[in-house]
Amino acid sequence: RIPVPGNTGFGLLAASSVIAVMILPTITNIAEAAIRAVPREYKEGSLALGTTHWQTIVGVILPAARSGIVAAIILGVGRALGETMAMIMVIGNSVAFPAPLNHNPLTLFLSQARTLTGNIAVEISYATGLHANALFATGVVLFVLIMLVNSLARLLMRQR
């Protein structure tokens with residue numbers, strides 16, 4: 001626990017740390033597979049031309065595996081956007097808008113919040129009428145966010 005008045009230990013910082021640890025294996029496994037899929041001849045040819053090992057990695061292997069690495073990152077971000085239960089438990093599940101706990105704006109990261117997916121998961125069982133409509137609108141916002149992430153990935157892939 002960080003000794004700040006109002007800090008419960010649940011909050012944005014704890015949730016960010018947990019989600020980073022959760023998506024890291026997904027990203028590293030897929031990125032490693034993409035790097036291993038680069039033909040060995042690329043590396044051998046680069047080294048035969050007199051480049052160093054580091055120049056070969058940066059100039060040949062990583063550009064050749066770029067699409068797989070970007071795919072790994074996109075899958076990791078998609079998993080982070082859809083992660084619900086861990087975030088409900090770690091972020092504090094507060095319906096209040098996050099605000100700094102004292103005069104230091106960095107304590108904003110110690111305040112509690114609620115994710116969009118967490119909001120839907122917690123409230124959908126008893127929602128009726130306008131409340132249910134608001135939850136479905138939240139789902140549409142999540143869908144648009146995921147579409148933006150995928151569009152950004154396509155744009156990154158087209159640039160090269």
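The values are calculated or read from the model by the stated rules, or taken from the named source; none is laboratory data. Here the structure is a predicted model, which means the values were calculated and not measured. Counting neighbours? That spans all protein chains shown, and the Cβs are built from the backbone with ideal geometry, glycine included. These area figures cover heavy atoms from the full protein model, side chains too; ligands, DNA and RNA do not enter into them. Shrake-Rupley method; radii C 1.70, N 1.55, O 1.52, S 1.80 Å.
Once the Cα gyration tensor of the stretch 1-90 is diagonalised, what are the square roots of 5 times its eigenvalues, in whole Å and ordered largest first, as equivalent ellipsoid semi-axes? Each step should come with its number before you reach the end.
Details: eigenvalues 311, 45, 11 Å².
Output for the stretch 1-90: semi-axes of 39, 15, 8 Å.
For Met157, project a label point 7 Å along Cα to C-beta. Then give me every residue of the stretch 76-93 with its amide nitrogen under 18 Å of that point.
Hits in the stretch 76-93 for Met157 at 18 Å: 76-79.
On a full-extension model of 0.36 nm per residue, what is the gain between Ala96 and Ile146, subtracting their alpha-carbon distance, rounded to one decimal in nm? All intermediate terms of the calculation are to be shown ahead of the outcome.
On the way: separation 50, 0.36 × 50 = 18.00 nm, distance 2.44 nm.
Here the segment from Ala96 to Ile146 would lengthen by 15.6 nm.
If the elastic network links every pair of Cα atoms under 10 Å, which of Arg36, Arg79, Arg114 fluctuates the most in the Gaussian network model of the chain?
Arg36
With each run of n ≥ 4 DSSP H residues scored as -39500 (n - 2.57), what mean residue ellipticity at 222 nm is computed for the chain after dividing by its residue count and rounding to the nearest 500 deg cm²/dmol? Walk me through the numbers before you get to the answer.
Details: 7 runs with 98 residues, N = 160.
After summing the helix terms and dividing by the residues of the chain, the value is -20000 deg cm²/dmol.
Hey, can you list the DSSP H helices of the chain whose Cα span along the axis is 15 Å or longer and whose average Kyte-Doolittle score is at least 1.0? Spell out each step's value before the answer.
Numbers: long enough: 12-36 (35 Å, 1.56); 66-82 (24 Å, 1.38); 130-158 (42 Å, 1.63).
Flagged H segments are 12-36, 66-82, 130-158.
Taking the Cβ of Leu24 as the centre, find all other residues whose Cβ is under 14 Å away and add up their charges (Lys, Arg: +1; Asp, Glu: -1). Could the numbers behind the result be given before it?
Working: positive: Arg79; negative: Glu32, Glu83.
Net charge in that neighbourhood comes out at -1.
Could you report the stretch 3-130's accessible area per residue, 1.4 Å probe, as an integer in Å²? List each step's numbers first, then the result.
Values: 7690 Å² over 128 residues.
Counting only protein heavy atoms, the per-residue value for the stretch 3-130 is 60 Å².
When the Karplus curve 6.51 cos²θ - 1.76 cosθ + 1.60 is applied with θ = phi - 60°, which whole-Hz ³J(HN,Hα) does each residue of the stretch 94-109 get, with x for Gly and Pro?
9, 7, 6, 5, x, 9, x, 7, 8, 5, 7, x, 5, 6, 4, 6
Quantify, in whole percent, the carbon and sulfur part of the accessible surface of the stretch 1-152 (1.4 Å probe; protein heavy atoms only). Before the final figure, lay out each step's value.
Details: 6780 of 9460 Å².
The computed percentage sits at 72.
When the Debye formula is applied to the Cα atoms of the stretch 42-147, each taken as the same point scatterer, what base-10 log of I(q)/I(0) results at q = 0.17, 0.20, 0.23 Å⁻¹?
Taken in order of the listed q values, log10 I(q)/I(0) reads -0.88, -1.05, -1.19.
What does the accessible area of Val18 come to, in Å² to the nearest 10, when a probe of 1.4 Å is used?
Probe radius 1.4 Å; accessible area of Val18 about 50 Å².
Quick one: ranking His103, His53 by accessible area, 1.4 Å probe, largest first, what do you get? List each step's numbers first, then the result.
Details: His103 170, His53 100 Å².
Largest accessible area first, the residues go His103, His53.
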